[in-house]
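A quick write-up on the structure given underneath.
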Amino acid sequence: MKRFTKVAILGNGAFGTALAHAASFNPYNKVMMYARDPEVAQHINDKKRNPKFFSDIELNGNITASSSFKEVVQDAAFILSCIPTQQTMVVLRENREHINLETPFVSCSKGMLVESEKFISEAVNEMFEGKLKYCVLSGPSFAKEILQNMPTLVVVASNDIKNAQVVQESLSHGAFKVYTNDDVIGVEIAGALKNVFAIGAGFIEGSDFGINTTTAFIVRGTAEIQKFAKTYGARDETFYGLAGIGDLMLTSFGSLSRNRTCGYRLGKGESLEDIVKSSTGVVEGIPTLDVVYKYAKKNNLDMPITFTIYDLLHGQISLQSAVKRLMTVNLGTEFPQNYAKQEWKQHF
């Protein structure tokens with residue numbers, strides 16, 4: 001007889017609720033969500049609805065919630081962390097004693113830490129001295145569509161593929177399918193940096209440029225993400241998969257994307273301050289952009305599109321000047337790494 005699997009979910013926001021919903025379709029899963037607010041946890045338990053997010057959707061009976069971190073993670077087969085990026089390390093520091101090093105910890109947050117200018121994997125490895133079974137989940141997956149049971153594919157990466165397979169087998173049911181990968185930093189970088197370029201894609205759309213411009217921007221943006229990722233040892237092929245071009249396309253073109261919407265509103269002339277204040281959730285691309293910009297400058301990375309997005313967001317350059325800058329970058333071959341005798345020249 002098959003045993004029940006406890007799935008712990010940290011965070012009761014949009015994506016945490018969506019993953020709880022997806023996990024609940026495996027009849028052998030018992031899903032428990034961590035909600036800091038006891039009233040929210042009680043509401044989920046009593047009404048089977050999240051009062052803060054998607055309150056119109058009834059959750060399955062095998063989903064419960066608790067405001068006790070210890071209760072949520074105890075005896076879990078794995079932990080899905082859906083805490084906003086900038087709060088992740090705060091929550092882990094507060095609850096470190098309750099984390100079992102033998103329990104796979106799956107980060108579902110997409111961004112870079114502003115305080116330390118690191119990826120979550122780096123900070124977590126430092127905190128737990130590399131002993132935690134760290135994984136990362138990413139891919140084209142709007143929370144609303146997961147909750148609507150739209151077919152969705154994601155990838156879970158781990159240095160030990162067995163850990164990723166535990167998550168894969170538990171979550172791959174119904175309309176939700178999980179692939180595995182062992183390029184942890186590549187998947188993490190793809191998930192974080194796509195938010196930056198989604199802001200740029202939204203800005204292009206909001207400025208009334210056409211699909212030619214947006215498509216070129218996304219393709220050349222992918223090249224810059226790869227250039228950045230190589231300094232961390234990531235593999236090129238990761239950026240052609242679900243976590244890479246898949247998530248970048250979704251976030252750049254999808255109307256549900258907060259990052260694209262932020263860029264679109266900027267393109268229409270709204271101030272960044274007003275956009276952030278009125279956003280229904282965290283626009284992860286903004287703090288990530290600041291960290292990526294600093295890293296690229298410090299390491300002499302030639303990333304003209306990234307630098308232009310930064311200057312646009314901070315009001316240091318006009319739209320007309322941005323277009324001129326990118327269209328006059330040095331000409332070159334599309335794939336310079338394939339031409340040993342040709343000097344690497346970044347181009348748009």
Among the residues of region 246-286, the number that are in contact (Cβ under 8 Å) with a residue 24 or more places away in the chain, more than 14 Å from residue 200 (Cα to Cα) and touching a helix residue (DSSP H, G or I) at 6+ places or on another chain (Cβ under 7 Å) is 3
Considering region 123-182 alone, what residues qualify as being farther than 19 Å from residue 237 by Cβ, of a type in the set (Asp, Glu) and in contact (Cβ under 8 Å) with a residue 12 or more places away in the chain? 145, 160
Qualifying residue in region 187-205 (condition: more than 21 Å from the chain's Cα centre (by Cα) and not in a helix (DSSP H, G or I)): no
Among 19, 59, which is in contact with a Leu (Cβ under 7 Å, 6 or more places away or on another chain) and in the same structural domain as residue 142 (by TED's automatic domain parsing)? 19
Hey, can you tell me all the residues within region 292-306 that are in a helix (DSSP H, G or I) and buried (at least 21 other Cβ atoms within 10 Å of the Cβ)? 292, 305, 306
Could you check region 173-186 and list, in sequence order, the residues that are assigned to a loop (DSSP other than H, G, I, E, B) and closer than 22 Å to residue 230 by Cβ? 182, 183
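Each row is one residue, and each column tells you yes or no for (1) over 14 Å from the mean Cα position of the chain (by Cα); (2) of a type in the set (A, V, I, L, M); (3) surrounded by fewer than 23 Cβ atoms within 10 Å (Cβ to Cβ).
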{"position": "238", "(1), (2), (3)": "yes, no, no"}
{"position": "243", "(1), (2), (3)": "no, yes, no"}
{"position": "248", "(1), (2), (3)": "no, yes, no"}
{"position": "264", "(1), (2), (3)": "yes, no, yes"}
{"position": "268", "(1), (2), (3)": "yes, no, yes"}
{"position": "279", "(1), (2), (3)": "yes, no, yes"}
{"position": "284", "(1), (2), (3)": "no, no, no"}
{"position": "288", "(1), (2), (3)": "no, no, no"}
Which of (1) part of a loop (DSSP other than H, G, I, E, B); (2) in contact with a Pro (Cβ under 8 Å, 6 or more places away or on another chain) is the odd one out, the single condition residue 250 does not satisfy? (1)
Consider only pairs whose beta carbons are under 7 Å apart and that are at least six residues apart or on different chains; among these, list those whose first residue lies in region 215-242 and is assigned by TED's automatic domain parsing to the domain that holds residue 295 and assigned to a helix (DSSP H, G or I) and whose second residue is modelled with pLDDT under 95 and of a type in the set (Phe, Trp, Tyr). 220/348
Just to be sure before I move on: is residue 233 modelled with pLDDT of 95 or more, closer than 23 Å to residue 154 by Cβ and loosely packed, with under 15 Cβ neighbours inside 10 Å in the structure I sent? yes
Look at residue 211 and say whether it is assigned by TED's automatic domain parsing to the domain that holds residue 321, among the aliphatic types (A, V, I, L, M) and either within 16 Å of residue 261 (Cα to Cα) or touching a strand residue (DSSP E or B) at 6+ places or on another chain (Cβ under 8 Å) (or both). no
Unmet requirement for residue 177, which otherwise passes all of (1) crowded, with 22+ Cβ neighbours inside 10 Å; (2) touching a strand residue (DSSP E or B) at 6+ places or on another chain (Cβ under 7 Å); (3) among the charged types (D, E, K, R): (1)
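Residues that are within 22 Å of the chain's Cα centre (by Cα) and crowded, with 23+ Cβ neighbours inside 10 Å: which strands (runs of 3 or more DSSP E) entirely in region 1-94 hold 1 or more of them? Write out each step before concluding.
Details: elements: 5-10, 29-34, 63-66, 78-81.
It comes to 5-10, 29-34, 78-81.
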State the number of residues belonging to region 259-291 that are outside any helix (DSSP H, G or I) and farther than 25 Å from residue 227 by Cβ. 8
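Given the criteria crowded, with 22+ Cβ neighbours inside 10 Å, not basic (Lys, Arg) and not in a strand (DSSP E or B), does residue 109 qualify?
Values: crowded, with 22+ Cβ neighbours inside 10 Å: yes; not basic (Lys, Arg): yes; not in a strand (DSSP E or B): yes.
It is true that residue 109 is crowded, with 22+ Cβ neighbours inside 10 Å, not basic (Lys, Arg) and not in a strand (DSSP E or B).
The values are calculated or read from the model by the stated rules, or taken from the named source; none is laboratory data. Predicted model only: the values in this text are computed from it and were never measured. Glycine gets a Cβ as well: all are built from the backbone with ideal geometry, and neighbour counts include every protein chain shown.
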